[in-house]
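The values are calculated or read from the model by the stated rules, or taken from the named source; none is laboratory data. Model, not experiment: these values are computed from the prediction. Cβ placement follows ideal geometry from the backbone for every residue including glycine, while neighbour counts extend to all protein chains displayed. Ligands, DNA and RNA are excluded from the accessible area calculation, which covers all protein heavy atoms including side chains. Shrake-Rupley method; radii C 1.70, N 1.55, O 1.52, S 1.80 Å.
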Amino acid sequence: MADPSTYRPAPGEIPVDPGVYRFRDKDRRVIYVGKAKSLRPRLSSYFQDLSALHPRTATMVTTAASVEWTVVSTEVEALQLEYSWIKEFDPRFNVKYRDDKSYPYLAVTLGDEFPRAQVMRGAKRKGTRYFGPYAHAWAIRETLDLMLRVFPMRTCSSGVFKRAGQVGRPCLLGYIDKCSAPCVGRVTPEEHHAIAEDFCDFMAGNTTKFVKRLERRMQEASAALEFEQAARLRDDIGALNKALEKSAVVLGDGTDADVFALADDELEAAVQVFHVRGGRVRGQRGWVAEKDAESVPEIVEHLLQQVYGGESGEGVPREVLVPVLPPDLEAVVQWLSGLRGSQVQLRVPQRGDKRTLMETVRRNAEQSLARHKLARAGDLTARSQALQELQESLDLADAPLRIECFDVSHVQGTQVVASMVVFEDGLARKSEYRRFIVRGATEGGTVDDTAAMHEVLTRRFQRYLEDRDQASDIEIGPDGDDSDNGNVNGSGEGRGGSGVGERVDPDTGRPKRFAYPPNLVVVDGGLPQVNAARAALDALGVDDVAVVGLAKRLEEVWVPGQDFPVILPRTSEGLYLLQRVRDEAHRFAITFHRQRRSKAMTASALDGIPGLGETKRKALLRHFGSVKKIRAASEEDLRAVSGIGPALASTIAAQLSRTSPATPAVNLMTGEVIDDDEEQPSA
């Protein structure tokens with residue numbers, strides 16, 4: 001734990017301009033990002049008496065080992081830079097907004113030649129128009145099914161679309177007139193794109209003109225005595241009205257707005273937002289955040305950053321209603337207006353329908369917070385209890401906040417691979433998972449589980465030691481001084497020699513692949529595997545990392561050098577955490593092993609010939625038709641193939657001459673003998 005006074009910058013060094021600052025820990029990881037109208041008073045507030053700070057802020061400044069800042073011109077630039085850095089570094093002490101569920105959107109891929117309407121989740125893609133979010137995917141499909149009567153646009157996947165074009169016959173939706181069948185040329189790309197644009201226009205809230213258009217066409221068909229056409233148009237109007245009824249009218253003036261409300265207690269805050277388009281609620285989302293030292297206005301500001309930071313201009317409505325105004329109101333309004341391309345109103349509703357809607361959203365937030373506390377209370381307590389039990393049962397100096405687990409997977413010594421999974425604070429950190437191909441097996445040696453475990457642990461910690469030994473005492477910036485991208489590093493420890501400068505990429509602040517040691521290493525196995533792992537660490541001089549093994553048969557925990565295992569109670573949260581870590585490592589190793597094994601399932605006489613890659617192999621088979629004819633060809637015939645030179649032709653002829661033509665190729669997955677006259681699959 002660092003003393004903040006050791007890296008406190010001198011007051012005169014800190015500028016009074018607006019800017020963004022970063023706190024880093026002793027390993028140079030970014031642990032907190034913030035912005036300020038004036039950097040000097042904001043940063044000075046972190047270095048007051050620890051007893052006057054919020055407990056989480058006090059933990060942050062004692063965890064940090066340095067602070068640095070970047071000066072910008074305006075508060076809007078500070079807002080944008082803060083958002084970018086929070087997304088890039090994912091600092092552990094910044095408030096994280098967790099969705100209470102995964103929200104599907106109705107997406108229209110307008111960037112495609114033939115736009116497609118579909119349910120889509122996850123990150124938004126360029127050139128795609130999104131509507132929602134919806135509470136359930138089935139609600140999107142139900143709405144889409146109604147809308148296709150009037151807007152018969154494509155909904156099929158690329159594979160189905162391509163096959164329909166090849167056979168010249170549309171799918172079922174094309175036959176029942178719920179698709180205009182652009183796959184078989186019933187409409188041109190321009191006509192289909194116009195249908196998609198009309199669909200998007202209707203979904204965006206411009207509904208009246210489409211209903212009136214259909215009513216006018218229905219009356220014209222009826223006047224022309226085309227009653228079947230008139231009846232169909234009547235049904236289309238009914239479908240549109242039914243789709244409109246699914247969204248309740250909450251604002252009669254056709255307002256486009258996002259309405260935010262918040263419910264909080266001393267520790268957490270739950271936020272709900274209703275997306276209102278054309279006066280109708282089109283979707284709803286919710287987040288839960290740790291409140292910590294942040295005030296409600298600061299939470300609102302960071303929430304707006306998260307919601308709109310990755311949006312295109314069309315994702316920002318004309319009006320944003322919030323329970324309280326953010327502290328930097330003008331900067332936030334200017335930022336949102338820049339995203340939208342026109343003026344955005346950010347205000348607190350005081351009366352009328354919008355105030356009533358705000359109360360409805362607030363009640364949803366209160367219920368969301370109550371559900372979250374009910375669901376998460378046991379989980380938070382269990383993880384803390386598990387780490388404490390492991391510390392006590394395994395006699396560790398500290399709680400194992402970072403656990404790494406290793407597992408080896410193979411089939412009778414072939415395709416030997418290993419996995420490394422990482423758990424931090426009792427939760428999986430999948431971005432730091434690693435996979436290993438055991439080199440001893442690929443070099444022809446005999447490798448058992450203990451030898452493979454020894455090799456993998458050696459390679460993992462050798463890399464850690466190399467990164468640690470390459471650490472520089474001073475982090476040199478691009479201008480040759482001890483600043484980072486023009487930032488002033490106020491760390492006294494950084495100047496005096498932190499010894500970890502190379503464990504984090506100086507450009508990104510992210511750790512290198514094996515930059516940080518774990519508190520606890522878990523291996524899947526019993527005492528032999530544990531002793532092999534301990535021997536690997538001892539050979540490298542790593543004596544500050546604990547090693548244990550978890551054997552599957554009785555779920556006993558083995559410690560190096562002890563003849564008897566540690567038996568944890570079956571109801572122990574610590575044992576449950578070890579089981580989760582072990583099972584995750586096993587799953588990850590098995591997945592990698594299956595991937596490698598599937599690639600080696602087929603064999604061909606052309607495989608393994610030096611200089612003969614996939615492209616040239618296909619060219620040979622395309623020219624000669626089969627491996628049998630390639631084997632019978634002369635070097636001169638081989639040179640006639642594009643890309644095959646004299647040296648490679650000689651190598652191919654020599655390699656194939658060593659392979660007996662009587663030896664058939666075999667599909668190793670099915671055991672089927674492959675006819676030598678047929679093109680053979682290659683790995």
Can you tell me which residue in the stretch 113-125 is surrounded by the most Cβ atoms within 10 Å (Cβ to Cβ), limited to those that are modelled with pLDDT under 85 and basic (Lys, Arg)?
-> Lys124
Sort out for me the helices (runs of 4 or more DSSP H) sitting completely within the stretch 1-112 that have 1 or more residues that are open to solvent by 20 Å² or more (accessible area, probe 1.4 Å) and modelled with pLDDT under 80.
-> 55-63, 75-89
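One line per residue, one yes/no per condition, for (1) surrounded by 13 or more Cβ atoms within 10 Å (Cβ to Cβ); (2) at pLDDT 85 or above; (3) in contact with a Lys or Arg (Cβ under 9 Å, 6 or more places away or on another chain):
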| site | (1), (2), (3) |
| --- | --- |
| Glu314 | yes, no, yes |
| Val324 | yes, yes, no |
| Glu330 | no, yes, no |
| Trp335 | yes, yes, no |
| Arg347 | yes, yes, no |
| Gln367 | yes, no, no |
| Gly378 | no, no, no |
| Arg383 | yes, no, no |
| Gln391 | yes, yes, no |
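Please go through the stretch 150-191 and give me each residue that is among the basic types (Lys, Arg) and either part of a helix (DSSP H, G or I) or open to solvent by 40 Å² or more (accessible area, probe 1.4 Å) (or both), ordered by number. Outline the logic, then answer.
Step one: filter the stretch 150-191 for residues among the basic types (Lys, Arg), giving 154, 162-163, 169, 178, 186.
Hits for the stretch 150-191 are Lys162, Arg163, Arg169, Arg186.
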Residue pairs qualifying under the 7 Å Cβ cut-off, at least six apart or on distinct chains, with the first in the stretch 325-343 being farther than 15 Å from Tyr83 by Cβ and the second being in a loop (DSSP other than H, G, I, E, B), are Leu325/Val348; Val333/Val344; Ser337/Gln343; Ser337/Val344; Arg340/Val316
So which of Val559, Val500 ends up being modelled with pLDDT of 85 or more and either exposed (fewer than 15 other Cβ atoms within 10 Å of the Cβ) or of a type in the set (Val, Ile, Thr) (or both)?
-> Val559
Pairs returned, first residue in the stretch 545-556 that is closer than 11 Å to Val521 by Cβ and assigned to a strand (DSSP E or B), second residue that is open to solvent by 10 Å² or more (accessible area, probe 1.4 Å) and among the basic types (Lys, Arg), beta-carbon separation under 7 angstrom, 6 or more apart or interchain, are Val547/Arg534
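Criterion first (farther than 21 Å from Phe131 by Cα and modelled with pLDDT of 80 or more) does Cys156 satisfy it? Quick ask: steps written out before the conclusion?
Working: farther than 21 Å from Phe131 by Cα: no; modelled with pLDDT of 80 or more: yes.
So Cys156 does not fit the description; no.
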Name the helices (runs of 4 or more DSSP H) wholly inside the stretch 593-683 in which the number of residues that are at pLDDT 80 or above, loosely packed, with under 13 Cβ neighbours inside 10 Å and of a type in the set (A, V, I, L, M, F, W, C) is 2 or more.
-> 646-658
Screening Asp543, Asp538, Asp505 for residues that are within 24 Å of Arg468 (Cβ to Cβ), surrounded by fewer than 19 Cβ atoms within 10 Å (Cβ to Cβ) and modelled with pLDDT of 85 or more leaves only Asp538
